[in-house]
Amino acid sequence: MGHAKRRMNGKRETVVDVQGTVEDGFEPVRDAFVANFTGRGERGAAVAVYRHGRKVVDLWGGTKDGDASDAPDAAPWEAGTAQVIRSATKGIAALVPLLLHQRGQLDLDAPVGTYWPEFKAAGKERVLVRHLLTHRAGLPVLDTPLTPEQAIDGVSGPAAVAAQAPAWEPGTDHGYHAQTYSWLLGELVLRVTGRTLGSWIAEEISGPLGLDLWIGLPEAARSRVGRLAALDAPAAPAASGLRVRPKPAVADAYADPASLTSRAFGAISPAPDENAAAYRAAELPASAGIATARSLARCYAALIGAVDGHPRLFAPATLTLARTEESAGLDRTLLVNTRFGLGFMLHGPASPLLAPGSFGHPGRGGALACADPESGLAFGYVTNGMQRNVTADPRAQALLRATSRAAG
């Protein structure tokens, strides 16, 4: 499709080959995607957009592995390259309890202990299923963090959150459950269905829709997944109004090991190796999903409308649940104002999406997936370069703005 020159280390330029297709009128998305490589430090990424159930943007470029972008023989990002999407996994995971509710198998207003009796311990008798989805359960931290091995063994995580006392009275406030969301939702789904959440997604969503989207990567797909690497955020242009580094108070909270913020993200300690095969094969619905941008966009498109003959997944009432505000205001964990529906982040200053009625979920460091029912747009973006942001990556935001402009 075209080439983009990207300056490397401020010394030389390398040519990035951008591949894929855009329909007439969506050229601004391609331009923004190219600009991510030339001006925002992108190494390897993909973006896709559906409109009214039809794919209108499908682009990819750069290198497959974020830690190999300088190598002259680095493997290219290909059409089928997938990537770890970090917390964008949370939105995909939320489909399961919402669809179980839609099918009459799960009561969102029932105590979690109705389905998971051990969870009632330590004052959690009144924690409702909806509290897990809206980050109101008061359980973003663990008194004793799990090791990476414990986090993925399928037993230690559920046992830890079942024994944990809430950090605040459940239902009275919200704070992002960065890691514990994995074991809370995963065990709830297992108790209700007898299936793991990742298996449910594979059998009920990814399989029927033909998605390259996994919570628990199968060995057969392992070679398709690129490696993540840290990526410094570029300086924002003067007077751009774009903040690419956190406010000092927020940065201090991440640096303070005793803060609720640091403890929430550190519920697995030491931090797991996200490039390790064992981590990628694990079912961690908070953080370890793997997908192509194309599959993320297709999945969200299927939530709001028919896609290639497949009926819409969300009934009107379920769609209303997904994007009706349940939590809003200062987030105890993230220390910024956030908005959540049932399982999804909602459009707002901390996480701008396509439009005021949009719902979706970002991944820390870059990934983003969302949909806007009014315009019929569904968006997916994945990257191998992890910048230091949580809810609003400059590259994803540039692509969102371009998508909204193109759609009119």
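Read the figures in this text as sums done on the coordinates, not as results from a lab. Computed from a prediction, not measured in an experiment: that's the story for all the values here. Every residue, glycine as well, gets a Cβ built from its backbone with ideal geometry; the counts of neighbours run over all protein chains shown.
Compared with the dominant principal axis of the Cα atoms in the chain, helix 88-102 is inclined by about 50°. Are there any trypsin sites (Lys or Arg not before Pro) in segment 118-221 that are in a DSSP loop and have at most 14 other Cβ atoms within 10 Å? List them by number. Filter output for segment 118-221: Arg126. Between the helical axis of 181-193 and the longest alpha-carbon principal axis of the chain there is an angle of about 60 degrees.
The C-alpha atoms of the chain define a longest principal axis, and helix 27-39 lies at about 90 degrees to it.
Note on Ser327, Ser223: ascending count of other Cβ atoms within 10 Å places them as Ser223, Ser327, the fewest first.
Show that you can apply the helix-only estimate: for the chain, add -39,500 (n - 2.57) for every DSSP H stretch of four or more residues, divide by all residues, and state [θ] at 222 nm to the nearest 500.
Counting only the DSSP helices, I get -8000 deg cm²/dmol.
Under 17 Å from a label point set 7 Å out along the Cα-to-Cβ vector of Gln19, the amide N atoms of segment 73-101 belong to 73-83. Using the Cα gyration tensor of segment 257-298, with a ≥ b ≥ c the square roots of its eigenvalues, what is the shape: rounded (a/c below 1.5), prolate (a/b larger than b/c) or oblate (neither)? Verdict is oblate for segment 257-298.
Take the Cα of Ala165, step 7 Å toward its Cβ, do the same at His52, and the gap between the two points is 5.7 nm. Classify segment 303-402 as rounded, prolate or oblate, taking a ≥ b ≥ c as the square roots of the eigenvalues of its Cα gyration tensor: rounded when a/c is under 1.5, otherwise prolate if a/b is larger than b/c and oblate if not. Oblate is the answer for segment 303-402, as a/c is 1.5 or above yet b/c matches or exceeds a/b. Considering only Pro208, Pro373, Pro76, the mean-square fluctuation computed in a Gaussian network model of the chain, springs between alpha carbons under 10 angstrom, is largest for Pro208. Ordering Met345, Met386 from the fewest to the most neighbouring beta carbons within 10 Å gives Met386, Met345. Computed over the alpha-carbon atoms, the chain gives an Rg to Rh ratio of 0.95, Rh here being the Kirkwood radius from the mean inverse distance. Distance between the pseudo-spin-label points of Asp70 and Asp252 (7 Å out from Cα toward the beta carbon): 3.5 nm.
GluC sites (Glu not before Pro) within segment 267-343: which are DSSP loop residues with at most 12 other Cβ atoms inside 10 Å? Here the sparse-neighbourhood loop sites are Glu325.
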